[in-house]
Amino acid sequence: MSRMKCALRTLFKTPFVTVIAIVSLALGIGANAAIFSCFNQMLLQSLTVPHPEQLVNLSAPGPKPGSQSCNQAGDCDAVFSYAMFRDLQKAQTDFAGIAAHRLFGVNLSFEHQTLNGEGMLVSGNYFQVLQLQPALGRLFDSNDDRLVGEAPVVVLSHGYWTSKFGGDANVLNKTIIINGQSLTIVGVAPRGFEGTTLGTRPEVFVPMTLRGTMQPGFRGWAERQSYSWYLFGRLRPGVQIEGARASLNAQYHAIINDVEAPLQRGMSDATLAKFRAKPIVVEPGGLGQSSTRSVARTPLLMLLSVTGFVLLIACANIANLLLARSAARASEMAVRLSIGASRARLVGQLLTESLLLALFGGIAGMFVAHWTLALIMSLMPAEAAQAMAFSISGTALLFAGVLTIGTGLLFGLFPALHSTRPDLVSTLKGLAGQPSGAKGAARFRLALATTQIALSMMLLAASGFFVKSLMNVSRVDLGIKVDNVITFGLSPELNAYKPEKTRLFFERLEDELHATPGVTGVTVALVPLLAGSNWGNDVSVQGFQGGPDVDSNSRFNEIGAGYFATMGVPLMSGREFTAGDGAAAPKVAIVNEEFVKKFNLGHDAVGKMMGSGSGYRSKQDTMIIGVAQNAKYSEVKRKAPPLFFRPYRQDKELGSASFYVRTSADPAQMASSVTSVVKRLDPNLPLENLKTLSQQVRDNTFLDRMMTTLSSLFAGLATLLAAVGLYGVLAYTVSQRTREIGLRMALGAAPWRVRSMVLKQVAWMTAVGGIIGLAGAIGLGRGAESLLFEMKGADPFVLTLSAVALSLVAITAGLVPAHRASRVDPMRALRDQ
């Protein structure tokens, strides 16, 4: 305790050094804790279930002829047909169970209030495989998915139960309306369980056999070419994943070759051979199933590296400060050693001071971490921010604690060892010269400052890469006029609307919105624009020779009348859809330039026939009536794909769509008017993702903006810390060389020569650090190339600009010490020394 009190008194004696050290550490530790919180939650955190290490995920890469439907749980290599799932359930021997699941959109109605959200269709053994126990009531079992369309029951998520039902235990056996169907509440999932897909929070769990009623139009129960279910399993105790993989593959190949291969039609021999040989992949599944991890891994690793470099710079700064302070305390240490204090005791005392600094910095760093997470959340789309809800977890606190202790030792050890070197004679002789070991300490300080410059160069370049990449993104020609447009989604089918009623509702809503003051255009799209959604089909086109291995796939959309005029997309030839292109009219389509190019339609696309469906031999029953200019489809950063459009009025299974309302006024002010129109037509139909189209574009590129903002913020911080460190080193060097400088000036050295002497040292340090940092920046850039748009990770313009910026900062940091050196009074310097 006496050592702690002594350390506190010492720190308070030099408040400037103490405050600078605490602030530097708080910024470094806080940034690292925040990014690690995201890293841990997205890449390391296991499912909140018993023994997650026993879980495995299943996937089936290879040819998948037919329809595929995948979502956030993984790409389309990971989905299986319902029939294959049931086959694997029966055939498996090394698993305690194999379960299936799939996300779906829900409209939840309870006590006359309807909300839009997410649900999860799950097999009856889903909760059993996860070994979960209910918080209330019961969870599903194998009796709840015996027959298609039966067991109208639902399990509520714990979060939905507490937020919407107030944790009422009397909710059991009550009825809730989901997508227009009445289901009985039989249980509540355990606290903390939010499904098995990262980045989603399902409010309800529904038996998979109710999919036909939850998603009207689904009929793929017996269809082996309808792939849409994600599978995972739990290994039996003692079974290794390698053995389970081999056993399951033997059973899978038997089903593929004996049952599914004979069903394939129009497949070439080479593709059929691949189909017969395709494996089933069994991988560790303790983290759940999610495509988010593959997207997040590289940016999070990059940000964690960047914040690590910032912390290293902060540690170097504090080590320099402590070295400077240790020189001032050299006589104190010498006296203590001379009267019998052991070196170990003095080192312990100095390390206690360092650890106290680190502790204060770590505590302040938690506030910085909270602010950093708030900044990250503000940069994310609202839906993603709500689903992820980043916070400082217990693991992140432990990480911050270890980081705090580690940094305290890192920046405190060398100064403590250096200042307690037992060379007493030269120190006690009169304090007339530099203390013993001063040259070694000076070299160490110069090395630390040079390292800071190198790391700053790396971070400045990394920031520059992302800034230029974002500039490239902002200059992308979308082919769409996004200003003054409001967009929102509606899913009447989730309120039990039949397709005909949905179509009539959409037509009426279009008319009502057109009549709203300030509205200049209204249109509809089945696939929301620039929202990451991709819908595609094989097509048959007049004059294009298809075949078993010929790519005849195209993206598509269903749109309203006047779509291209409303969205500002020019027609190259032909005409737009009109209200007359309805269900009773001949089938028509409009294609884009990429479609014309892919299917070799030349200048005569208008008037040709095409068809869409399962396979390249689909009936050509649709006339192309127009060619539209290319415009972005699902992603800002992807080129426009081959795309054909159909009128939504000709869709006999219409269930949902997105609306686009162009206004002459501020779109944000028009949002309430749009909401009022929808509520007047159906007060129980919730609007989905109401926002401006400009906001949708920003959401689509949020990762670019987040990486640019954070890397620039951290690079600026690192450069500021490096400049402070460089200033400190130079200022201390000038103070130590005051006698030498005074002698030089007494012998006739001009002030400009003294300034150039100091700045020359700056130049050498900047050159060495800059060259090292340049090499590191190139490596860092190459590692980040997958995140950059239309540029390489060794962009010469960015590297040059970063080097110039760093040089200016370094020169600025050196000007004050250089000027101070040139103002030394020779007589006073010689007399004082």
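Histogrammed with a bin width of 20 Å, the alpha carbon distances of the chain distribute as 13, 36, 30, 16, 5, 0 percent, first bin at zero.
Of interest is the spacing of the C-alpha centroids, which for the range 56-89 and the range 206-280 amounts to 6 Å.
Could you look at the chain and say what percent of its accessible area is carbon and sulfur, using a 1.4 Å probe and all protein chains? Numbers along the way, then the final one.
Details: 20980 of 36090 Å².
Ligands and nucleic acids excluded, carbon and sulfur give 58 percent.
Scoring 29-37, 306-314, 564-572 by mean Cβ neighbours within 10 Å over their residues and listing the highest first yields 29-37, 306-314, 564-572. A straight Cα-to-Cα reach below 18 Å connects K608 with the lysines K587, K597, K598, K619, residues fewer than 8 places away in its own chain not being considered.
Given an 8 Å cut-off on Cα distances and at least 6 residues of separation, report the relative contact order of the chain as a percent. Provide the component values of the computation, followed by the final result.
Details: 1538 pairs, mean separation 136.3, N = 833.
Here the relative contact order equals 16 percent.
One chain, two ends: T298 and N534. Fully extended at 0.36 nm per residue, the span grows by 82.6 nm beyond their Cα-Cα distance.
Per-residue counts of other Cβ atoms within 10 Å, averaged by peptide: what ranking do you get for 521-529, 452-460, 269-277, highest first?
Values: 521-529: 22.2, 452-460: 28.8, 269-277: 13.3.
Going by the mean number of other Cβ atoms within 10 Å, highest first, we get 452-460, 521-529, 269-277.
Listed by chain and number, the aspartates and glutamates whose alpha-carbon sits under 15 Å from that of K174, ignoring those within fewer than 8 places in the same chain, are E111.
Near G117, once Lys and Arg are set to +1 and Asp and Glu to -1 for all other residues with Cβ below 15 Å from its Cβ, the sum equals -3. With a Förster radius of 35 Å applied to the beta-carbon distance between L115 and N143, the computed FRET efficiency rounds to 0.75.
Sorted from greatest to least, the principal axis extents spanned by the alpha carbons of the range 78-196 come out as 45, 27, 24 Å. When the alpha carbon gyration tensor of the range 181-224 is reduced to an equivalent ellipsoid, the three semi-axes, largest first, read 24, 15, 9 Å. Over all Cα atoms in the range 581-706, the spread is summed up by Rg and Dmax: 18.3, 49 Å. Residues whose amide H lies under 5 Å from that of V527, counting only those 5 or more places away or on a different chain, are E558; hydrogens are built 1.01 Å from N in the peptide plane.
Can you tell me what share of the DSSP beta bridges in the chain is antiparallel? A percent to the nearest 5 is fine.
Details: 67 of 87 bridges.
Close to 75 percent.
Extension gain for D77 to I339 (0.36 nm times residue separation, less C-alpha to C-alpha distance): 86.8 nm. Can you give the extra length, in nm with one decimal, that the chain gains between L359 and V402 once fully stretched, where that is 0.36 nm per residue apart less the Cα-Cα distance? Separation in residues times 0.36 nm, less the Cα-Cα distance, equals 14.4 nm.
Provide the packing ranking of 214-221, 226-233, i.e. peptides ordered by the mean count of other C-beta atoms within 10 Å per residue, highest first.
Details: 214-221: 16.6, 226-233: 24.0.
In decreasing order of mean packing, 214-221, 226-233 become 226-233, 214-221.
Take S157: with every protein chain present and a 1.4 Å probe, its accessible area is about 10 Å². Exceeding 28 Å between C-alpha atoms, which entries from my cross-link table qualify? They are K498/K639; K90/K274; K501/K637; K637/K679; K632/K792; K13/K760. As for pairs spanning more than 28 Å Cα to Cα, those are K498/K639; K501/K637; K637/K679; K13/K760.
Using r as the Cβ-Cβ distance of R638 and H603, and R0 as 22 Å, what FRET efficiency do you calculate, to the nearest 0.05? It would help to have the intermediate numbers written out before the result.
Working: r = 27 Å, r/R0 = 1.21.
The pair R638/H603 has a calculated efficiency of 0.25.
The distance between label points at A447 and T516 comes to 6.8 nm (points 7 Å beyond Cα on the Cα→Cβ vector). Going 7 Å from the Cα of E790 along its beta-carbon direction, which residues of the range 667-705 have the amide nitrogen within less than 16 Å of the resulting point? Under 16 Å, as judged by backbone N against the label point of E790, lie 701, 704-705 of the range 667-705.
Among the DSSP helices (H) of the chain, those spanning at least 27 angstrom by Cα along their long axis with an average Kyte-Doolittle hydropathy of 0.5 or more are 15-39, 292-328, 343-379, 394-419, 438-474, 702-736, 751-783, 796-822; this is a geometric and hydropathy rule only.
Compare C6, C70, C315 by solvent-accessible area with a 1.4 Å probe and give them largest first, with all protein chains kept in place. Working shown, then result.
On the way: C6 25, C70 55, C315 5 Å².
Of C6, C70, C315, the descending order of accessible area is C70, C6, C315.
What does the charge count around V522 come to, taking other residues whose C-beta lies under 15 Å from its C-beta (Lys +1, Arg +1, Asp -1, Glu -1)? Provide the component values of the computation, followed by the final result.
Working: positive: K481, R508, R649, R662; negative: E507, E510, D511, E512, E576.
Overall, the nearby charge balance is -1.
The values are calculated or read from the model by the stated rules, or taken from the named source; none is laboratory data. Computed from a predicted model, the values in this text were never measured in an experiment. Every residue, glycine among them, receives a Cβ derived from its backbone with ideal geometry; neighbour counts consider all protein chains shown. What goes into the accessible areas is simple: the full protein's heavy atoms, side chains included, and nothing from ligands, DNA or RNA. Shrake-Rupley method; radii C 1.70, N 1.55, O 1.52, S 1.80 Å.
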